[in-house]
1. Can you confirm whether residue B:311 is over 30 Å from residue B:78 (Cβ atoms), touching a strand residue (DSSP E or B) at 6+ places or on another chain (Cβ under 7 Å), surrounded by 15 or more Cβ atoms within 10 Å (Cβ to Cβ) and not small (Gly, Ala, Ser)?
2. Condition first: away from every other protein chain (no Cβ under 13 Å), farther than 22 Å from residue B:362 by Cβ and aliphatic (A, V, I, L, M). Now tell me which residues in the stretch B:375-410 satisfy that.
3. Quick one: residue B:490 ticks every box in (1) loosely packed, with under 14 Cβ neighbours inside 10 Å; (2) in contact (Cβ under 8 Å) with a residue 40 or more places away in the chain; (3) within 14 Å of chain A (Cβ to nearest Cβ) bar one, so which box is it?
4. Do the conditions hold for residue B:482, that is, is it part of a helix (DSSP H, G or I) and within 30 Å of residue B:259 (Cβ to Cβ)?
5. Could you grab me the full set of residues in the stretch B:333-358 that are of a type outside the set (S, T, N, Q), surrounded by 18 or more Cβ atoms within 10 Å (Cβ to Cβ) and at negative phi?
6. Go through the stretch B:302-352 and report how many residues are of a type in the set (S, T, N, Q) and not in a loop (DSSP other than H, G, I, E, B).
Amino acid sequence: MSNKTPPNLRYTKDHEWILVDGSTGTIGITDHAQDALGDIVFVDAPKTGTPVQAGKVFGTVESVKAVSDLFSPASGEVTEVNDTLKDSPESVNEDPYGKGWLIKIKLSDKSEVDALMTADQYSAYAAQEHS
Amino acid sequence: MVRKVREHISQNEGLIFERSSAGKYAYQLPEAQVPEIDPAAALGADAVRPEIPDFPEVSEVEVVRHFTRLSTWNYGIDHGMYPLGSCTMKYNAKINEYVARLEGIAGEHPYQPEALAQGCLKIMKLLQDYLIEITGMDAITLQPAAGAHGELTGCLLIRAYLQSQGNPRTKILIPDSAHGTNPATAVIAGYEVEAIRSNSKGCLDLEALHNAVSEDVAALMVTNPNTLGIFEENIAKAAEILHAKGAQLYMDGANMNALVAMARPGDFGVDVMHLNLHKTFSTPHGGGGPGAGPVAVKKHLEPFLPVPVVEDDGKGGWKLNHKRKQSIGRVRAYVGNFGVLVRALAYTMANGRDGLRQTTLDAVLNSNYIRAKLADLYDLAYSGPTLHECVFNDKRQLTSGVRTGDIAKRLIDYGFHPYTVSFPLIAAGAMMIEPTETESKEELDLFIAAMRDIAGECATQPELVKNAPQSTRVTRMDEVAAARKPVLRWKSH
């Protein structure tokens with residue numbers, strides 16, 4: 001299970017992950033989320049410079065089944081968007097914690113991340129939600 | 001065993017553009033009996049359209065065969081059961097088509113003087129009165145062109161009403177079981193959306209609602225019965241919670257086929273709602289054809305209804321009132337999709353109160369018959385009692401790797417249109433089945449037998465199901481590639 005919930009990330013109840021490196025947070029959706037959504041066909045992410053707020057919608061992800069909102073794990077400003085997803089949205093399915101990252105933000109309050117779930121907590125949460 | 005269908009040879013057919021060859025034509029006009037004139041000289045060169053490039057040149061029989069062949073590739077309600085949950089794909093009696101096509105009705109022009117359009121105005125007034133009675137509301141507009149358009153009209157009415165009270169507010173609450181159009185509508189109407197999680201029964205969570213309602217909330221948009229087919233039994237309490245904070249209760253009438261002549265939204269606290277006449281009140285739909293989404297409201301919202309409004313003219317006739325100071329304005333050209341209104345009136349009057357009630361009871365009975373006959377082989381998403389549709393999930397079939405979409409495709413091999421796949425989102429692997437009142441026990445039994453056979457195949461030959469359909473003209477489409485790399489137009493070169 002470890003590769004399905006990398007221990008160095010933090011997780012939201014809405015199935016996003018965040019990787020903190022200095023004051024930068026990289027955000028994506030979890031393996032559990034991509035599996036539940038099915039084949040991703042389109043990612044609608046905000047432009048660089050857009051402010052995002054913890055717990056608020058910052059974009060949408062569209063699969064063959066449904067369009068789902070993306071909720072930001074933390075507050076800050078978008079510094080980079082994964083443009084490769086425009087041509088290869090399948091990266092989100094194939095490598096949700098790597099090539100399938102969505103946006104990077106400059107964190108405005110790093111303590112917000114501490115309130116998120118750890119890998120173990122998220123694994124238990126996802127398993128329980130599925131049953 | 002597949003009993004309903006067998007394979008049969010169908011004709012290949014290309015696009016009509018590909019059939020074209022220069023010089024072919026379908027008819028000959030007689031010799032003109034007046035002298036020919038040059039249209040450019042008579043009307044001005046800019047009024048003359050040049051030849052349409054690549055316009056297909058084909059003979060009459062080629063046109064006839066083209067469309068006849070294409071029609072044999074189709075599946076419609078006239079072929080058999082169409083259990084697409086949440087869509088109410090009922091059979092629409094042909095007499096309603098006949099009535100809508102009557103010369104005096106179909107040939108009417110919207111700019112005809114009111115004195116010469118009394119029949120059409122009466123049709124609208126009668127339909128309004130019946131729909132108000134059926135919904136238990138106070139007033140109605142027939143203008144909106146379909147369900148989502150009705151939602152938008154309803155939200156704009158709420159906004160106008162709240163604005164008149166001093167504050168349009170900022171948020172609309174929507175349960176996580178809602179149709180996707182609800183949040184889209186709220187956003188288009190300028191509201192922020194807040195999702196309300198359903199409780200363990202798949203219903204509205206009153207506590208969550210209570211916590212979410214504030215002076216910022218304009219309305220709750222709820223579908224009742226909800227998308228699981230479950231009647232929201234706390235709807236009246238939800239209305240109380242909303243009204244206590246000055247918020248409105250919007251009901252999406254997509255599932256009215258479960259309520260007509262049995263329960264009235266106006267009686268359980270709804271302030272504004274729309275009806276899908278093309279679902280519940282007899283108009284063929286699903287092909288993108290016209291619908292109608294009338295919006296019914298309580299008294300306090302009436303001043304804001306779109307104009308024109310059909311009214312008594314005080315002389316035993318009817319007129320269109322365009323003067324309403326607080327109206328949100330027109331939402332659709334003329335008076336809406338009139339042909340749909342005619343069908344709805346014909347349907348309502350032909351059935352009458354008792355007929356409508358029987359229709360509702362039959363729709364609920366059919367759904368529950370399917371549910372009872374399949375519950376030993378498929379898991380129910382939620383166990384509460386359901387009305388006009390039932391939702392299973394693919395949990396048991398997933399153990400052999402078969403998903404809801406695969407089972408739906410396999411149904412095609414058995415001669416049925418698939419059920420609704422993967423919706424509502426709160427039921428993982430959902431299989432949503434709505435037979436409507438249309439189906440006889442014989443057709444239902446064929447469907448049940450097909451679903452039971454497929455359950456067996458899922459266990460013993462999962463690959464057969466995963467690669468379905470097997471017997472169709474074209475096998476499984478690559479839906480993912482179609483969405484990721486869509487080809488949106490045909491090119492001749």
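The values are calculated or read from the model by the stated rules, or taken from the named source; none is laboratory data. Quick caveat: nothing in here was measured; it's all calculated off a predicted structure. Note: ideal-geometry Cβ built from the backbone for every residue, glycine included; neighbour counts use all protein chains shown.
1. No, not satisfied.
2. B:377, B:381, B:402, B:407
3. The failed condition is (3).
4. Working: part of a helix (DSSP H, G or I): yes; within 30 Å of residue B:259 (Cβ to Cβ): no.
No; evaluated as a whole, the condition is false for this residue.
5. Going through the stretch B:333-358, the residues of a type outside the set (S, T, N, Q) turn out to be B:333-336, B:338-347, B:349-350, B:352-357.
Filter again for surrounded by 18 or more Cβ atoms within 10 Å (Cβ to Cβ), leaving B:335-336, B:338-347, B:356.
Hits for the stretch B:333-358 are B:335, B:338, B:339, B:340, B:341, B:342, B:343, B:344, B:345, B:346, B:347, B:356.
6. Taking the stretch B:302-352 as the starting set, the residues that turn out to be of a type in the set (S, T, N, Q) are B:321, B:326-327, B:337, B:348, B:351.
Cutting the leftovers down to not in a loop (DSSP other than H, G, I, E, B) gives us B:321, B:348, B:351.
Of the residues in that region, 3 qualify.
Conditions tested, residue by residue: (1) under 22 Å from residue B:412 (Cβ atoms); (2) among the hydroxyl-bearing types (Ser, Thr, Tyr).
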site	(1), (2)
B:35	no, no
B:47	no, no
B:51	no, no
B:55	no, no
B:58	no, no
B:68	yes, yes
B:74	yes, no
B:82	yes, yes
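Residues are listed down the side, and each one gets a yes or a no for (1) buried (at least 16 other Cβ atoms within 10 Å of the Cβ); (2) of a type outside the set (A, V, I, L, M); (3) closer than 27 Å to residue A:85 by Cβ:
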| position | (1), (2), (3) |
| --- | --- |
| B:422 | yes, yes, yes |
| B:431 | yes, no, no |
| B:452 | no, yes, no |
| B:456 | no, yes, no |
| B:464 | yes, no, no |
| B:468 | yes, no, no |
| B:471 | no, yes, no |
